[in-house]
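In what follows, a single structure is set out as structure tokens and then discussed.
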Amino acid sequence: MERTLKNYVGGSWVEAVGRETLPLVNPATGASLGRVPLSVREDVRRAVDAAQKAFPAWRETPVLERSRFMFRWKELMEKRFEDLARCVTIEHGKTLSESRGSVRRGIENLEVAAGMPSLMMGESLEDISRGIDCETIRQPLGVFAAIAPFNFPAMVPLWFLPYAITTGNTFIVKPSEQVPLSQELTFQILEEVGLPPGVVNLVHGGRDVVDALCTEQGIVGVSFVGSTPVAKHVYVTGTQAGKRVQALGGAKNFVVVMDDCDLARTVPILTESCYGCAGERCLAGSTVVAVGDVYGRLREALHEHARRIVVGDGLDDGVDMGPVVSRRHMDRVLGYIQKGIDEGAKLTLDGRNPKLPPGLEKGNFIGPCIFEDVTPEMTIAREEIFGPVMVLRRAKDLDEAISIIHASEYANATSIFTQSGKHAREFRYRAGVSMIGVNIGVAAPMSFFPFGGAKSSFFGDLKAHGKDSLRFYTDQKVVISRWF
Ligand code: NAD
């Protein structure tokens, strides 16, 4: 009999009240990985109760003591590093080296949050008027929650939880129901850290849990990462219910290649940007815009590099690209490819039906694809594909490349490849996108910088991690005092 995952509430593993479950499947082999419960509002209520009960004592725990838990947690995460990385690959499909990278990036948030005693300090000024002093203090607010997407099962909740709890709040994580195992393992590790019961809680499930988290009275704020329609829904529902919300949405990232770039160095970086994690990254390069006469040389080199990518089970040595997360997602990506062809684009590298080693017949594999002759109104030019599909376009100059970027409804990440400081400066000045790479393929801010986009890629004002995070998870108060 397949095991069903449990929620972690108030320091114990408990069966979900919701009886419905979904199957979990290894995306490379089709093997069963158990079942995830679809929790219901009552499960969320129980987690909120536990987190509310834990809040007063946790808030009063000195910040240095709260931060010390991060050191212990990091130590235990390092011990289980390989287990975590394998778990990510098994449930999500990305290669082991990609999984290791994501777990490393996740752990870095614990390292930054460990500095909370310094980060959380306020400001003070004597004599703002005769004999009157003023200071700011930051105070935690209560129970926060994070809702995660499927593409970084271990890392994304770590963009939030460490900052929320070291600032003195208590927390609920809702992982993606497609990839809940990495969070189960993370919470097994957290259990050993010895946090007081109720400080961290885990509730599995889908949209019912999301809607409950956005509306339950006891929750003061929600951090969301996922697709744009759901990000918008969470932002609207959560803010209407009076909560703080930061909602990171989908992306369509443009990579501009100038004819003065160092092509030999640029091409492998572009290939990684578009096909790394099978294109399932919110920072993935999606459209490559070749400026001026670089197009011919660039297209040749990109095809050559993409053809060399080895597709297979992410656990196997020598594999460069794993499967996409599910059969449903594979069908969606294949649907985009068909639409591209139907709307008149040229599929110059066809990765459908890639060559695979035996035993992977049930996996969700798509090899690298390249589209050329793509016009702005085509679906593949506008929508997020979230798969290993590169769209190659031309622009006559940097102005035109920037207008292509401005025409997109998304503004998560973008990059330019150039050897000219003038081009680079103009690009960062005018691109209008939040995460910008200069000769960097995936402009991923590290945990001490803010992470998040603009336009339909982000709803809210304070971004994930970095200093924004402690602003999001605390209220800044001002104390003005006079003593007679
Ligand atoms: P998704 O929006 O389908 O799911 C995200 C979360 O929302 C999941 O926990 C899911 O259970 C829940 N959910 C799904 N549908 C819902 C609904 N109708 N009502 C309420 N809740 C719902 O996203 P996904 O497919 O898991 O993840 C991929 C998306 O996430 C891509 O669009 C990608 O660009 C985006 N993403 C963005 C960032 C970023 O930093 N901006 C980072 C990672 C992923």
Quick one: which residues, 5+ away or cross-chain, put their amide H under 5 Å from the amide H of residue 285? H built at 1.01 Å from N. 274
With label points set 7 Å from each Cα along the Cα-to-Cβ direction at residue 217 and residue 20, the distance between them in nm comes to 2.7 nm
Label-point separation in nm, residue 297 to residue 126, each point 7 Å along Cα→Cβ: 6.5 nm
If the chain between residue 135 and residue 481 were fully extended at 0.36 nm per residue, the gain over the current Cα-Cα distance would be 123.7 nm
In degrees from 0 to 90, rounded to the nearest 10, what is the angle of the helix 263-275 Cα long axis to the longest principal axis of the chain? 60 degrees
Around residue 256, which amide H atoms from residues at least 5 apart in sequence, or from another chain, sit under 5 Å from its own amide H, with H modelled in the peptide plane? 289, 415, 416, 417
Taking the chain, how much of its Cα-Cα pair set, in percent, is spaced more than 28 angstrom apart? 53 percent
Exposed loop GluC sites (Glu not before Pro) only (DSSP loop, at most 11 other Cβ atoms within 10 Å): please give the longest stretch of the chain free of them, not including the sites. 124-360
Could you pull out every one of the lysines with an alpha carbon less than 21 Å from that of residue 346, ignoring same-chain neighbours closer than 8 positions? 252, 396
Test of understanding: what is the full-extension gain from residue 12 to residue 396, defined as 0.36 nm times their sequence separation minus their Cα-Cα distance? 132.2 nm
Quick check on the exposure proxy: order 480, 219, 172, 404 from fewest to most C-beta atoms within 10 angstrom. 480, 404, 219, 172
Ordered by fewest other Cβ atoms within 10 Å, a rough proxy for footprinting exposure, 61, 186 read 61, 186
So if we plug the beta-carbon distance of residue 343 and residue 241 into 1/(1 + (r/R0)^6) with R0 = 35 Å, what FRET efficiency do we get, rounded to 0.05? 0.30
Segment residue 81-residue 461, extension gain: residue separation times 0.36 nm, minus the distance between their alpha carbons: 133.5 nm
As I understand it, the value is the acute angle between the Cα axis of helix 96-113 and the longest principal axis of the Cα atoms of the chain; what does it come to in degrees, rounded to 10? 30 degrees
Over what distance in Å are the Cα centres of the stretch 190-207 and the stretch 7-23 separated? 11 Å
Sorted by Cβ density within 10 Å, fewest first, the residues 328, 430: 328, 430
Residue 191 and residue 350 label points (each 7 Å along its Cα→Cβ direction) are spaced in nm at 5.1 nm
Distance from the stretch 262-314 to the stretch 421-436 (C-alpha centre basis), Å: 21 Å
Whole-angstrom Cα spans of the stretch 254-438 along principal axes, big to small: 52, 32, 29
Helix-only mean residue ellipticity at 222 nm, the chain, DSSP H runs n ≥ 4 weighted -39,500 (n - 2.57), per residue, nearest 500. What is it? -11500 deg cm²/dmol
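Here, each number is a calculation from the coordinates, and none is a lab measurement. Small disclaimer: the values here were computed from a predicted structure and weren't measured. Using ideal geometry, Cβ is built from the backbone for each residue, glycine included, and neighbour counts are taken over all protein chains shown.
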